[in-house]
Amino acid sequence: MLAEMVKAVIKKTLATDYPHVRLPAVALAKIDSARELDSYEIENLTFYNDDEGKSCQGHMEASWYEYKLTILDRFGNPDEAFPALPEIKSRKQFREGAIVSVALLYGELVPVLIGEVEL
């Protein structure tokens, strides 16, 4: 009986004070769909020409992307414990079908795309 009470208190404490412990900090995900969104600009860049030893100032324009993700288990199979995650925005560009690593910050189910991985 004491063991059950301790177990219940620990379970409640984890759920209320440490919800991020229930989800992995980093997981694998498959890019189910990808689409290009608005562009953004990176200013005040310096470009170097190593062959000629010259440099010049400039800027760069790139796009935001929106992804639909499926969380995978460590073997690359869809993890049924997670729903499909639509409308995940990132400046990183990935192709449809790519396997990426995602961080699940503070126990929230809003992943941050880290980078592409190979299984």
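For the range 83-92, just list the computed ³J(HN,Hα) in residue order, Karplus coefficients 6.51, -1.76 and 1.60, θ = phi - 60°, integers in Hz, with x standing in for Gly and Pro.
Going residue by residue, I get x, 5, 10, x, 6, 8, 9, 7, 7, 7 Hz, with x marking Gly and Pro.
I want the local charge near Met5. Using Cβ-Cβ distances under 15 Å, sum +1 for each Lys or Arg and -1 for each Asp or Glu among the other residues. Don't jump to the answer; show the numbers that get you there.
Numbers: positive: Lys7, Lys11, Lys12; negative: Glu4.
Net charge in that neighbourhood comes out at +2.
How big is D for the range 1-63, in µm² s⁻¹ as a whole number, if Stokes-Einstein is applied with the Kirkwood radius of its Cα pairs at 20 °C and 1.002 mPa s? Write down the numbers at each step before the final one.
Working: Rh = 17.9 Å.
Approximately 120 µm²/s, per Stokes-Einstein.
What Kirkwood Rh does the chain have if only Cα atoms enter the pairwise 1/r average? Answer in Å.
Numbers: mean 1/r = 0.0577 Å⁻¹.
That comes to 17.3 Å for the chain.
Helix 2-17 against the longest principal axis of the chain: what's the angle in degrees, Cα atoms only, rounded to the nearest 10?
Helix 2-17 sits roughly 30 degrees off the main axis of the chain.
Quickly work out the Val112-to-Ala15 label distance, labels modelled 7 Å from Cα along the C-beta direction, and quote it in nm with one decimal.
Distance between the two pseudo-spin positions: 2.8 nm.
With charges only on Cβ, +1 for K and R and -1 for D and E, what is the dipole size of the range 1-117 about its Cα centre, in debye, rounded to 20?
Roughly 700 debye, rounded to the nearest 20.
Ranked from the most accessible area to the least, with a 1.4 Å probe and all protein chains present, what is the order of Leu2, Leu113? Intermediate results must be reported in sequence, preceding the final value.
Working: Leu2 120, Leu113 15 Å².
In descending accessible area the options line up as Leu2, Leu113.
Farthest toward the dipole's positive end in the chain, which of Leu28, Asn44, Met1, given Cβ charges of +1 (Lys, Arg) and -1 (Asp, Glu) about the Cα centre?
The Cα lying farthest towards the positive end belongs to Met1.
With θ set to phi - 60°, apply the Karplus curve 6.51 cos²θ - 1.76 cosθ + 1.60 along the range 96-105 and write out the HN-Hα couplings as whole Hz, x wherever there is a Gly or Pro.
Rounded to whole hertz, the list is 4, x, 5, 9, 10, 9, 10, 9, 10, 6.
How large is ³J(HN,Hα) for each residue in the range 70-78, as worked out from phi by the Karplus curve 6.51 cos²θ - 1.76 cosθ + 1.60 (θ = phi - 60°), to whole Hz, x for Gly and Pro?
For the range 70-78, the Karplus curve yields 10, 6, 10, 7, 5, 9, x, 8, x Hz.
Mind checking the per residue accessible area of the chain for me, 1.4 Å probe, whole number of Å²? Spell out each step's value before the answer.
Values: 9010 Å² over 119 residues.
In whole numbers, the chain has 76 Å² accessible per residue.
Using a cut-off of 15 Å between beta-carbons, work out the net charge of the residues near Gly97 (Lys and Arg +1, Asp and Glu -1, Gly97 not included). Provide the component values of the computation, followed by the final result.
Values: positive: Lys30, Arg35, Lys68, Arg95; negative: Asp32, Glu96, Glu116, Glu118.
That works out to 0.
Protein chains only, probe 1.4 Å: how do His20, His59 rank by accessible area, largest first?
On the way: His20 85, His59 110 Å².
The ordering from most to least exposed comes out as His59, His20.
Are there GluC sites (Glu not before Pro) in the range 65-108 that DSSP marks as loop and that have at most 16 other Cβ atoms within 10 Å, and which are they?
Working: sites: Glu66, Glu80, Glu87, Glu96, Glu108; in loops: Glu80, Glu96, Glu108.
In loop regions of the range 65-108 (DSSP not H, G, I, E or B), the sparsely surrounded GluC sites (Glu not before Pro) are Glu80, Glu96, Glu108.
Using a 1.4 Å probe over the heavy atoms of the protein chains, calculate the carbon and sulfur portion of the accessible area of the chain as a whole percent. Walk me through the intermediate numbers first.
Values: 4760 of 9010 Å².
Exposed carbon and sulfur together represent 53 percent of the surface.
Have a look at Leu109, Leu14, Cys56 and report the one farthest towards the positive end of the charge dipole of the chain, computed about the Cα centre with Cβ charges (Lys/Arg +1, Asp/Glu -1).
Leu14
The values are calculated or read from the model by the stated rules, or taken from the named source; none is laboratory data. The structure presented is a predicted model; accordingly, all values stated were derived computationally and were not measured. Positions of Cβ are backbone-derived with ideal geometry, glycine not excepted, and every protein chain shown enters the neighbour counts. Remember, those area values only see protein heavy atoms, side chains included, never the ligands or the DNA or RNA. Shrake-Rupley method; radii C 1.70, N 1.55, O 1.52, S 1.80 Å.
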